[in-house]
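Engineer: Before we start, here is the structure in question, set down as C-alpha cells.
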Amino acid sequence: MNSDQSFMLEQTGNAQRKALGVGVVCLALCVIELVIHPTQFLRSYLFGEVFWLGIGLSCMGILMLHHLVSGRWGFVLRRPLEAAAKTLCWMAIFFIPIIVGMHHLYIWSRPADVAADPVIQQKTFYLNTPFFIARQIVYWVLWILLAYFLNRWSTRQDGGSDPESQRRLRNLSGPGLVIYGFTVTFAGFDWVMSLEPHFFSTIYGMMFTVTEAVGGMAFITIVAYLLSQQEPMSEVIQPSQFHDFGNLLLVFTLLWAYLSFSQYLIIWSGNLQNEIPWYVSRTNRQWAWVALALVIFHFAVPFLLLLQRFITFRKQYLVGVASLLFIMSIFDLFWLMAPAYNPKGPQFHWSDWVALVGLGGIFVAIFVSQLKTKPLVPLHDPTFAGVLQHE
Amino acid sequence: MDPVDPVTEEKPAFVEPGSPWIAPGHSYGSVSDRIAGVVLGRTRKGWIFGFAIAFFLFLVLNYGITMLFFVGVGKFGINIPVAWAFAITNFVWWIGIGHAGTLISAFLLLMRQKWRTSINRFAEAMTIFAVACAGMFPLIHMGRPWLFYWLFPYPDTMGVWPQFRSPLVWDVFAVSTYFTVSLLFWYVGLVPDLATLRDKAKNKLAKVAYGFFSMGWRGSVKHWRRHEVASLLLAGIATPLVVSVHTVVSFDFTIAIVPGWHSTIFPPYFVAGAIYSGFAMVIMLAIPLRKWFHLEDFITIRHLNNMGKLLLATGMIVTYSYVMEAFMAFYSADKFESYMMLNRMTGPYAIVFWTLIACNIAIPMTFLWSYRIRTNTVALFLIAGVAQVGMWLERFVIIVTSLHRDFVPSSWGQFYPTPTDWEVLFGSLGLFFCLFYLFARLLPSISIFEMRDLVHKTAEEAGVIAGAAE
C-alpha cells in the first residue's frame, strides 16, 4: 500500500466547505461592525489576522527547522507544515484591509497625534506610513517565496524527477530561517509592539516568534491527531511520534515562559517610565486575571502534563494539552494586543471573536485544500527511506 | 599490532565497519588501547613543552594576584565610573566557555545524539577548568577576598544577611551549583574508565591512584545499571543549569538601569553567546588533541563539521541580538540609550567595538556557511580562535563602554588596563591550560566505555554482530 495514491487525503468530510462557509459568514458579520464602528472592526480584524498568520508563519519556521535537523518527527508532520506555510500565499490578500485602515489602528500613522507626542516624533524614522508599507511588501515577498519553494521542491521530490530536491530544501532552510527570524521579529514590532509606540524591548521579537511557535506547534499536533484517526495515517503515526510532538510542545512552552519571565523581571526591576507602563496595564485590574491565567494554563499546567510520558505517548491526552495551548496562545496574543486600546481591563467585543473565527475558517479551508494536493507523507524523501518498513 | 580484547585477551570477535562517528576497523580492544595509551604511555616532548608554557603563564597569574592582594584592587585599572572591567569581563568570558561541556554531555545525551560520545569527556573537563578560572575573578576583584563567605546566608553574630534582590548573590548560588553538578557529572562518567586504567596500568602508583578513584568498580551489571541511572539523573539536572547560569550572569547587568546593560534580550543572548564561545573552545581543543594524540579515528571530520554548524547557529543568534540592541537603542527615542550605541560605534572604544563585530560576526558568519571551511581543520581552528577573541571583546564592550559614559557627563571617565589586568587575563589562560595538560596526560580525554558502546552499536547496525546483540 506504499504508493502515493494511497496516501492522498480524500475523506475530509467536506471540512473544507464547512470551514469556508463559517469563514465567509463570520467575515460578512464583521462588515456590520465595519459600518458602525470601523476602528473596532480593524482592531478585531488585526487580532484575528495576526493570530492565523502566526500559525502559518510558525509552521513554515518549524518546517525549515525540520529540513535542517531532519528528525524522525518531521516525517509525518512535513506535509501539514507545508500546507500551513502555503496558506501564507493566500492570507496575504487578507492583510490588505490592515494596510488600508492602518490610520485607525496605529497612533503613529496619524499626523495630528504625532505632532502632539515628542517621543513618537523621534521614532518617525521607522514608524512612518510609507516605510511601514514598504516593509510589509518586503516581508510578504520573502515569505511567499520561501513558502513557494519549500512546497515546489518537495512536490518535485514526489515526482521523483529531481534527486537534488533534498539538498536544495536544506540549503534553502539555513538562510531561510535567518530571513524568517528577522522578518517575523520586525513584523512583530510593526503589527503588535507599535500599537503602543512608546514601548520598546529588545527581547520582544524573539518572544513574539516563540508565542507564534507555541500556537503553530499546538495546531500541527491537533492536525496530526485528526489525520491519525483514519486510514492510512492511523498506521503511519506511531505513539513515539506523538511523544516527539509532546517534547517539541514542551520545548516551545518552556522557551515562551523563559523569554516572557526574563522580560518581566528585567522591566520590573528597572521600573523605568518608558517601559513599565506596558506591564502596569497588563498586570493590574482585570488584566491581572488574564496574566494569571497565562501563567497557570500557558505554562504551569501544560509544563507538568507534558513531562508525563503517559500523556505524551497517548495521542488522545496529548491532543487535549495541545488544544489547551492553542486556546491559551489566542489569549496570549489578546493580552499582548488589547491592553493597548483598553488599558483598564479586557473588553470582550463580539467582533474580536467573530473576526478570529472568520479568518480561521478561511485559513482552515485553504489549509485543507493544500493538504489534498500531495500525498500525506513524503514517501520519496531519502532521509526517510525505510521508515515505513520499520514501523 | 592486532587489537586484543581487554577482557578475554584474545583477538576480537568482531571489528566494526565504521560509521559517520567512528573510523572503520575498531574493536573494543583497539578503542581501549588507543585512548588509554595516551595516558599510560610515555610523556611526549611536545607535552612537556606545552605544559612549560602554560605553567609559565600560571606563574604570571600568581605574580599578578600576589601583587593584587599585597597592594589592593588599585593595581587594576579600575576607577569610578569604571568600577568593573577586566576581572568581570574575564569572569563572564570563562563562564561562557564553561557552557559547552555541559551542553554536549547533558543536553546532547538527552537528545540521543551519538556524535557527542567522543567529545564529551574533554569538553566536560574544559567546563570544570573554565568555571574554576571564572570563579576566581569575582573573588580577587573583592577588596577583601578573605571575607568572600559573607556572600553566603549564614547566621552570623553581626546579623548581616546577603541582599537577596542582588543578582550577584544569585550568581553565587548559580555558579557554585553549576560547578558542583558539572564536577559530579564528569566524575561519574570517569569511574568506569578509571577502572580500565587501573586494570591496564603497570606502574604501582598509577594502579593505586586509579584504583582509589574508581571506587571498586568491577563492571557488574548492577554497577552499570546504577551508573546509567546516575548519569541520566545528572543530565536531567544539568540541562536547565546550562541555561540558568548565564541567564543569572546576564541579570548582573540587566537588573541595573545603566544604558547598555538594561536590555531585555540579554538572557537568551548571553546563553547563546556562552554556547558560541564554548563551542569555539571545544573546537580549539579538539583539533590539536586529535592531531597530537592521533585520535582522528574517533574525533572525525564529521564531528568538526557538526561543531562548526553549532557555532554558526549560536553565532547567528548572537548576531540577531546585536541587531536588536542597535535597532532598539535608536528606536527607543531615549537619548541615553541612543548615545550609548553611538558611543560604542564612534567613541573612544570604537576600535574595540568594530574588532568585535569583525571577530564575532563578519568573519565567522561569512565563512562558516561553507562546508569546505567547516571541514578544514586549520581554517576551523582559526575561525574558532577569532570568535573566541570576539567573545572576550564583546563582554569588554558591554561592561566598559556602558560604564564609562552613563547619564551625567561630569562623571564620565576612561578605563586603561594596567599590567596587572593583563597578567591576570593571560595568567588565567595559563591556569586553564595547565589543568588541561594535566588532564590530557592523566585521564582519558575520550570516554573509553562510551566509545566501546559506539563500536558495539555501529557493528550491530551493520549486522556484523546481529546474533551477538540478542
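Engineer: Say each of A:LEU142 and A:MET8 gets a label point 7 Å from the Cα, pointing the same way as Cα to Cβ; how far apart are those two points in nm?
Structural biologist: In this crude spin-label approximation the distance works out to 3.7 nm.
Engineer: Hey, can you rank B:402-412, B:103-113 by average C-beta count inside 10 Å, highest first?
Structural biologist: B:103-113, B:402-412
Engineer: Given a 1.4 Å probe, show me the residues in the stretch B:246-286 buried by at least 20 Å² of accessible surface when comparing the whole protein assembly to the chain alone.
Structural biologist: B:PHE251, B:ILE255, B:ILE257, B:HIS262, B:THR264, B:ILE265, B:PRO267, B:PRO268
Engineer: Over the heavy atoms of B:ARG34, what accessible area does a 1.4 Å probe trace out, to the nearest 10 Å²?
Structural biologist: Surface open to solvent at B:ARG34 totals about 90 Å².
Engineer: Hey, in the GNM for chain A with a 10 angstrom Cα cutoff, which one of A:SER109, A:SER262, A:SER44 fluctuates hardest?
Structural biologist: Among A:SER109, A:SER262, A:SER44, the largest GNM mean-square fluctuation belongs to A:SER262.
Engineer: Separate question: Between the DSSP loop rule and a limit of at most 16 other Cβ atoms within 10 Å, which chymotrypsin sites (Phe, Trp or Tyr not before Pro) in the stretch A:105-150 are left?
Structural biologist: Qualifying residues, ordered by number: A:PHE125.
Engineer: Here's a follow-up. Tilt of helix B:167-200 relative to the longest C-alpha principal axis of chain B, in degrees (0 to 90, nearest 10)?
Structural biologist: Tilt of helix B:167-200: around 20 degrees.
Engineer: Still on this structure, I have one more. Could you work out the helix-only [θ] at 222 nm for chain A, with each DSSP H run of four or more residues adding -39,500 (n - 2.57) and the total divided by the number of residues, to the nearest 500 deg cm²/dmol?
Structural biologist: It comes out at -23500 deg cm²/dmol, rounded to the nearest 500.
Engineer: Here is a follow-up. If you take the beta carbon distance between B:GLU460 and A:ARG17 as r and set R0 to 56 Å, what does 1/(1 + (r/R0)^6) give as a FRET efficiency, to the nearest 0.05?
Structural biologist: The pair B:GLU460/A:ARG17 has a calculated efficiency of 0.60.
Engineer: Among A:ILE266, B:VAL31, A:VAL214, which residue has its Cα positioned farthest towards the positive end of the charge dipole of the protein assembly as shown, with +1 placed on the Cβ of Lys and Arg, -1 on the Cβ of Asp and Glu, and the dipole taken about the Cα centre?
Structural biologist: The residue sitting most towards the positive pole is B:VAL31.
Engineer: Once the Cα atoms of helix B:266-292 and of chain B are each reduced to a long axis, what angle between those two axes, in degrees from 0 to 90 to the nearest 10, is obtained?
Structural biologist: 40
Engineer: Could you let me know the centre-to-centre spacing of the stretch A:199-219 and the stretch A:165-188, using Cα atoms, in angstrom?
Structural biologist: 16
Engineer: For A:200-210, what's the mean count of beta carbons from other chains sitting within 10 Å of each residue's beta carbon? All intermediate terms of the calculation are to be shown ahead of the outcome.
Structural biologist: Values: counts 10, 6, 18, 11, 4, 6, 8, 3, 0, 0, 1.
Average neighbour count from other chains, rounded to a whole number: 6.
Engineer: How much FRET efficiency would the formula 1/(1 + (r/R0)^6) give for B:THR43 and B:THR180, where r is the Cβ-Cβ distance and R0 is 45 Å, rounded to 0.05?
Structural biologist: 0.90
Engineer: Right, next: Output the pairs from A:LYS315/A:LYS372; B:LYS309/B:LYS457; A:LYS18/A:LYS372; A:LYS18/A:LYS374; A:LYS315/A:LYS374 with a Cα-Cα distance over 18 Å in this structure; if there are none, say none.
Structural biologist: A:LYS315/A:LYS372; B:LYS309/B:LYS457; A:LYS18/A:LYS374; A:LYS315/A:LYS374
Engineer: So, one more: On a full-extension model of 0.36 nm per residue, what is the gain between B:ILE237 and B:MET345, subtracting their alpha-carbon distance, rounded to one decimal in nm?
Structural biologist: Full extension of this stretch gives 34.8 nm more.
Engineer: I'd like the distance between the alpha-carbon centres of the stretch B:26-45 and the stretch A:30-98, rounded to an integer number of Å.
Structural biologist: 57
Engineer: In terms of Cα to Cα distance under 14 Å, which aspartates and glutamates are near enough to B:LYS200, apart from those fewer than 8 places away along the same chain?
Structural biologist: B:ASP5, B:GLU9, B:ASP33
Engineer: Any idea what the dipole of the stretch B:69-445 comes to, in debye rounded to 20, about its Cα centre with Lys/Arg Cβ at +1 and Asp/Glu Cβ at -1?
Structural biologist: 1580
Engineer: With θ set to phi - 60° and the Karplus curve 6.51 cos²θ - 1.76 cosθ + 1.60, what are the ³J(HN,Hα) couplings of the stretch B:104-121 in order, to the nearest whole Hz, using x for Gly and Pro?
Structural biologist: In residue order, the calculated couplings are 5, 6, 8, 5, 5, 5, 5, 7, 6, 8, 5, 6, 6, 3, 8, 10, 5, 4 Hz.
Engineer: Given labels modelled 7 Å from the Cα in the Cβ direction, how far is it in nm from B:ILE53 to B:TRP422?
Structural biologist: So the label points at B:ILE53 and B:TRP422 sit 1.8 nm apart.
Engineer: May I pose another question? Taking the alpha-carbon distance from B:LYS207 and a cut-off under 27 Å, which lysines remain once sequence neighbours fewer than 8 residues away in the same chain are dropped?
Structural biologist: The reachable lysines, counting only those whose Cα sits under 27 Å from B:LYS207, are B:LYS11, B:LYS45, B:LYS222.
Engineer: If I model a spin label as a point 7 Å beyond the Cα along the Cα-Cβ vector, how far apart are those points for A:THR373 and B:ARG144 in nm?
Structural biologist: With each label placed 7 Å out from Cα toward Cβ, I get 7.4 nm.
Engineer: Need the full-extension length gain, B:TRP369 to B:LEU168, defined as separation in residues times 0.36 nm minus the C-alpha distance. One decimal, nm.
Structural biologist: Difference between extended and current length: 68.5 nm.
Engineer: I'd like to know which of B:SER166, B:ILE317, B:SER250 lies farthest towards the positive end of the charge dipole of the stretch B:69-445, counting +1 on Cβ of Lys and Arg and -1 on Cβ of Asp and Glu.
Structural biologist: B:ILE317
Engineer: Let me ask another. If you rank B:PHE367, B:PHE49 by how much accessible surface each has, with a 1.4 Å probe, what is the order from largest down?
Structural biologist: Ranking B:PHE367, B:PHE49 by accessible area, largest first, yields B:PHE49, B:PHE367.
Engineer: Please get the size of the charge dipole for the stretch B:116-199, origin at its Cα centre, with Cβ charges of +1 on Lys and Arg and -1 on Asp and Glu, quoted in debye to the nearest 20.
Structural biologist: The dipole of the stretch B:116-199 has a size of about 120 debye.
Engineer: Moving on to the next point. If you place +1 on the Cβ of every Lys and Arg, -1 on the Cβ of every Asp and Glu, and leave all else neutral, what size is the dipole of the protein assembly as shown about its Cα centre, to the nearest 20 Debye?
Structural biologist: 1120
Engineer: Further, regarding this structure: Can you give the average number of partner chain beta-carbon atoms within 10 Å of each beta-carbon in peptide A:268-274, as a whole number?
Structural biologist: Details: counts 1, 8, 9, 1, 3, 1, 4.
Whole-number average of other-chain Cβ neighbours for A:268-274 is 4.
Engineer: Lysines within cross-link reach of A:LYS123: Cα-Cα under 19 Å, excluding same-chain residues under 8 positions apart?
Structural biologist: Of all the lysines, those that pass the test against A:LYS123 - Cα under 19 Å, at least 8 places apart if same chain - are B:LYS335.
Engineer: For chain A, take the longest principal axis of its alpha carbons; what is the angle in degrees between that and the long axis of helix A:239-270, to the nearest 10 within 0 to 90?
Structural biologist: Between the helix axis and the principal axis of chain A, the angle is about 20 degrees.
Engineer: If you don't mind, another one. Distance from a point 7 Å along Cα→Cβ of A:PHE125 to each backbone N in the stretch B:310-333: keep the residues under 20 Å and list them by number.
Structural biologist: Answer for the stretch B:310-333: B:320-333.
Engineer: Set Lys and Arg Cβ to +1 and Asp and Glu Cβ to -1, take the dipole of the protein assembly as shown about its Cα centre, and tell me which of A:CYS59, B:HIS303, B:VAL408 lies farthest positive.
Structural biologist: B:HIS303
The values are calculated or read from the model by the stated rules, or taken from the named source; none is laboratory data. Keep in mind the model is a prediction, meaning the values are calculated, not measured. Note: ideal-geometry Cβ built from the backbone for every residue, glycine included; neighbour counts use all protein chains shown. Ligands, DNA and RNA are excluded from the accessible area calculation, which covers all protein heavy atoms including side chains. Shrake-Rupley method; radii C 1.70, N 1.55, O 1.52, S 1.80 Å.
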